[in-house]
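Data block below; observations after.
None of the figures in this text is laboratory data; all of them are computed from the coordinates on show. Keep in mind it's a predicted model, so treat the numbers as computed, not measured. In this analysis, Cβ positions are derived from the backbone assuming ideal geometry, glycine residues included, and neighbour counts consider all displayed protein chains.
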Amino acid sequence: MNIKDLLYYNGFGGFEKESLSYVIDTEESTTPVPWSHMLANENFGTIVTSDGGGYTWHGNARENKITTWANDIVTNKIAERLYIKVNEKRISCMPRDNLQSYKIKFGFGFAEYVFENEEIVSILTIYVPKNRKEKIYSLRLKNKQERVAKTNVTFCVEPVLGVNREYTKKHLNFRKISRGVKVKNSYRELYRDDIVVVDSEDECLKTIKNKKVFLKVKRNLLPDEEENINFRIGIKEEKDEIFSIDAEKDLEEIKNFWNDEFGKIKVTTPLESLNVMMNGWLHYQTLISRLWGRTSFYQAGGAFGFRDQLQDVLMFIYLKPERAKKQILYHAQHQFKEGDVQHWWHPENNKGIRSRYTDDLLWLPYVTCKYVEVTGDNTILDEEIPYLDAEILKENEKERYCDTKSTNEKENLFMHLVRAINKSMNFGENGIPSIGSGDWNDGMNAIEGQSVWLGFFMIEVLNKFLKVCKEKCKEEQIIKYQNTIDKLTMVLNDVAWDGKWYKRAFFKDGTPLGSKENDECKIDGISQSWAVISGAGDKEKVAQAMESLDKNLVDRENMIIKLLTPAFSKATPSPGYIKAYIEGVRENGGQYTHGAIWAMIASAILKNKNRTYEYYKILNPVEHARTKDAVFKYKVEPYVIAADIYSAAGMIGRGGWTWYTGSSSWFYIATLEYLLGIKREGKYISFDPIIPDEWEQFEVTLNEGKTSLFITVYNRAESKNDDIKIYCNNQKITGNKILVNTEISQKIDIIL
């Protein structure tokens with residue numbers, strides 16, 4: 001395939017049209033920063049990069065690194081190397097030591113590095129098997145010469161077996177086995193029984209030097225002869241069998257797994273970048289990085305965040321509802337009986353942070369109610385779940401890292417939601433919810449006053465809760481929650497209104513934040529967006545607020561939707577550690593993509609179709625890297641969404657960290673439900689597309705077991721009639737929703 005035939009080829013790479021794999025060609029130049037790819041199953045994973053870097057982990061990507069994680073875009077220290085000597089000439093199998101012409105393919109579940117010169121062809125495929133705790137290096141060599149090629153293949157690994165090699169290496173114990181080396185570290189709290197094996201399918205020379213493992217395999221290749229050589233980094237099971245694999249079978253199993261994962265919903269629109277993201281990459285990013293690995297090139301976290309992984313499963317309510325249900329029930333086990341929750345924790349021992357962050361606990365009812373709304377499965381509310389037990393925070397404590405234990409007492413999930421909601425109902429003198437030690441923006445941890453955004457979010461949570469749980473709520477509960485909604489709605493449209501937009505918060509002394517009175521952070525985007533999303537903002541005010549957001553926070557030239565502006569620098573009183581970020585970086589005045597997506601959703605709710613589409617393209621990473629110049633500006637990977645984009649002088653338009661961001665799941669929901677306008681409501685699907693005038697039509701296929709819904713939306717932009725026309729199997733229906741038939745497939749035609 002000609003590299004320039006790839007979708008969105010930009011001088012560095014592009015997408016294969018059928019597989020959607022991203023192909024990189026280093027012939028002209030290397031990527032501006034290392035472009036990474038992740039391969040994992042639920043227990044084991046690895047990161048690889050376009051220049052051969054990355055690392056491997058088992059179980060916990062922070063606590064149990066097998067090889068070294070290096071968060072350095074300049075040196076990108078290499079912990080695993082594979083190179084060959086051909087007639088005494090050394091060649092790296094990955095583009096690190098000899099930056100020549102490599103073809104790199106990052107596909108779903110595998111990475112491939114191809115190098116070719118006048119002597120040899122080297123094709124290295126790296127993958128993590130679907131159900132095994134190991135990483136495979138499968139190398140295929142072909143001799144291009146008319147003479148025998150004497151090859152010596154060397155595999156070098158720097159083990160860690162813990163958090164940091166500088167600390168662990170003195171505790172590493174090495175033992176040679178028949179075709180490799182076993183490594184163990186018994187001097188640690190977690191994973192002390194792990195035995196890591198570095199081995200080969202072939203007889204090899206084994207060397208241990210400077211606490212590094214070297215395996216050497218010699219092969220003599222006849223002219224045109226091809227040979228396969230396989231290496232492994234893995235967790236040794238009890239059996240001491242010789243390492244042997246069928247790479248072709250493994251890769252077929254991986255391919256089938258991802259085909260099944262991506263098979264529920266398929267989208268075909270005039271915008272190929274949308275199709276690329278919706279038909280694979282957003283799904284892959286969220287599952288691999290956020291739920292399984294909980295890591296990236298830029299952050300080796302390993303822990304679960306209460307609000308984080310709950311929001312990550314929003315997309316799976318549509319795609320794999322059983323996965324979303326499992327995650328909801330798991331998170332409910334990390335709630336204290338008092339109603340508050342762990343901010344984050346490590347799953348091996350449930351050690352984590354008990355904090356006063358005020359939005360964390362509300363994401364449990366939000367996501368649960370969303371699950372019930374979409375799936376119609378309200379039996380989840382009856383699931384019996386224990387609580388965590390730990391010492392309550394003292395009055396002067398904002399947070400504590402501590403041990404916990406599960407209670408013997410269990411309550412159903414419904415009561416967990418009630419406890420979360422009731423715990424959150426702390427209001428300041430002006431009637432706006434207390435911010436505690438921070439809300440969604442952790443960096444605003446010194447405000448100690450009230451959060452306007454939290455008020456709008458609380459209204460949305462209560463509205464969802466009342467819709468889902470009326471059968472279980474007592475009358476006094478319903479009255480209490482409805483009164484809270486009414487009071488909050490009134491005060492937010494009064495006290496929190498700043499004339500042209502909604503304020504963001506109030507300090508303890510009543511000083512506003514996100515107000516025209518402020519020199520820094522005059523306007524914050526998420527208050528405006530959630531005034532719309534919650535439905536609580538006055539009609540005229542939300543229209544003005546979103547115009548203010550567009551005018552002050554959207555930089556079309558540089559494709560940025562800022563979180564707030566101006567950035568914090570010298571502001572007093574201080575809002576918190578957000579000021580420690582460089583002005584225009586991350587939350588401090590850059591685009592924080594998670595919040596920017598909410599601006600797109602709000603625009604769709606207001607029926608501003610062309611602006612919604614414009615925001616969509618600003619948010620789509622593929623659109624940031626359409627040309628070589630654009631790549632040098634954006635720098636990071638174009639196939640996964642970035643957590644943030646800088647607005648700082650000298651770095652404007654540059655992507656921050658990628659892969660490990662809650663933006664990926666929200667971007668899927670924003671696209672499916674709000675741009676394409678397809679929402680599942682139990683047994684029904686409703687339609688309300690907000691597509692641009694330039695689209696003539698788009699198609700969506702929803703597979704429901706053995707049946708399918710084939711949806712085609714026709715756009716009649718010139719029509720003056722606002723009524724949507726829907727035909728099911730050529731029969732016109734009333735309203736904008738249909739009952740899903742699980743017995744026969746349905747052809748849905750929608751005329752806008």
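Peptides 267-275, 434-442, 143-151 ranked from most to least packed by the mean count of surrounding Cβ atoms within 10 Å: 434-442, 267-275, 143-151.
For the chain, the residue among Tyr191, Ser289, Phe262 whose Cα projects farthest onto the positive side of the dipole built from Cβ charges is Tyr191.
Exposure proxy check: Met559, Met415 ranked by fewest other beta carbons within 10 Å? Display every interim value, and only then the final one.
Numbers: Met559 20, Met415 17.
If I rank by nearby Cβ atoms, fewest first, I get Met415, Met559.
When you filter the GluC sites (Glu not before Pro) in the stretch 322-427 for DSSP loop state and at most 10 other Cβ atoms inside 10 Å of their Cβ, you are left with Glu395.
Ranked by the mean number of other Cβ atoms within 10 Å per residue, highest first, peptides 293-300, 374-381, 350-357 order as 293-300, 350-357, 374-381.
For the chain, the longest principal axis of the C-alpha atoms and the axis of helix 593-605 are separated by about 50°. Using the Cβ-Cβ distance between Lys683 and Lys394 with R0 set to 41 Å, the FRET efficiency works out to roughly 0.25.
Here each label is just a point 7 Å from Cα along the line to Cβ, and for Arg140 and Thr734 those points are 6.2 nm apart.
The relative contact order of the stretch 504-556, computed from alpha carbon pairs under 8 Å that lie at least 6 residues apart in sequence, is 24 percent.
Can you give the charge dipole size of the stretch 663-752 about its Cα centre, rounded to the nearest 20 debye, using +1 on the beta carbon of Lys and Arg and -1 on the beta carbon of Asp and Glu?
It comes to approximately 380 debye.
Can you compute the label reach from Glu27? Point 7 Å from Cα along the Cβ direction, backbone N cut-off under 16 Å, restricted to the stretch 114-142. Zone members listed by number: 114-118.
Which angle between 0 and 90 degrees, to the nearest 10, do you get for helix 363-375 versus the longest principal axis of the chain when only C-alpha atoms count? Approximately 90 degrees, to the nearest ten.
For Ser708, the residues whose amide H sits under 5 Å from its own are Ser745, Gln746, ignoring neighbours fewer than 5 places away on the same chain, with H placed 1.01 Å from N.
For Asn220 and Arg626, what does the FRET efficiency come to when R0 = 60 Å and r is the distance between their Cβ atoms, rounded to the nearest 0.05? After rounding to 0.05, the efficiency reads 0.80. Phi angles across the stretch 113-120 convert, under the Karplus curve 6.51 cos²θ - 1.76 cosθ + 1.60 with θ = phi - 60°, into 3J(HN,Hα) values of 10, 10, 10, 9, 10, 6, 9, 8 Hz, Gly and Pro given as x. When +1 charges are put on Lys and Arg Cβ atoms and -1 charges on Asp and Glu Cβ atoms, the dipole computed for the stretch 422-523 relative to its Cα centre reaches about 420 debye. How would you classify the stretch 429-619 from its alpha-carbon gyration tensor, with a ≥ b ≥ c the square roots of the eigenvalues: rounded for a/c under 1.5, else prolate if a/b is greater than b/c, otherwise oblate? Oblate, because a/c is 1.5 or more while a/b does not exceed b/c.
Please compute the length gained on full extension between Lys480 and Asn430, using 0.36 nm multiplied by the number of residues separating them and subtracting their Cα-Cα distance.
Values: separation 50, 0.36 × 50 = 18.00 nm, distance 1.85 nm.
Extra length from Lys480 to Asn430 when fully extended: 16.2 nm.
Summary value for the stretch 244-334: 19 percent relative contact order, contacts being C-alpha pairs under 8 angstrom separated by 6+ residues.
Of the trypsin sites (Lys or Arg not before Pro) found in the stretch 381-447, those in coil by DSSP whose Cβ has at most 13 other Cβ atoms within 10 Å are Lys394. Remark: relative contact order (the chain) = 10 percent; criterion is Cα-Cα distance under 8 angstrom and separation of 6 or more residues. Modelled spin labels at Asn349 and Leu7, positioned 7 Å past Cα toward Cβ, are 4.6 nm from each other. Given a Förster distance of 60 angstrom, what is the FRET efficiency for Asn210 paired with Leu466, based on the Cβ-Cβ distance and rounded to 0.05? Taking R0 as 60 Å, the efficiency between Asn210 and Leu466 is 0.40. In the chain, helices alone account for a calculated mean residue ellipticity at 222 nm of -7000 deg cm²/dmol, with every DSSP H run of four or more residues adding -39,500 (n - 2.57). Protection proxy ranking for 591-604, 497-510, 545-558, using the average of other Cβ atoms within 10 Å per residue and placing the highest first: 591-604, 497-510, 545-558. One decimal place: the segment Leu606-Val121 gains 169.0 nm when fully extended, by the rule 0.36 nm per residue minus the C-alpha distance.
Extending 7 Å from Cα along the Cβ direction at Asp193 and again at Ile177 yields two label points whose distance is 1.7 nm.
Full extension of the chain between Asn87 and Ile751 gives 232.3 nm of extra length, using 0.36 nm per residue less the Cα-Cα distance. Considering only Thr31, Gly14, Asn41, the residue lying farthest towards the positive end of the dipole of the stretch 11-68 is Asn41, judged by Cα position with unit charges set on Cβ. If you place +1 on the Cβ of every Lys and Arg, -1 on the Cβ of every Asp and Glu, and leave all else neutral, what size is the dipole of the chain about its Cα centre, to the nearest 20 Debye? Dipole size: approximately 1440 debye. Whole-Hz Karplus values for the stretch 406-419 come out as 7, 7, 6, 6, 10, 9, 6, 4, 3, 5, 4, 5, 4, 4 Hz, taken residue by residue from phi with 6.51 cos²θ - 1.76 cosθ + 1.60 and θ = phi - 60°; glycine and proline positions read x. Between the residues Gly352, Asn408, Ile380, the greatest Cα displacement towards the positive end of the dipole of the stretch 302-424, with unit charges on the Cβ of Lys, Arg, Asp and Glu, is found for Gly352.
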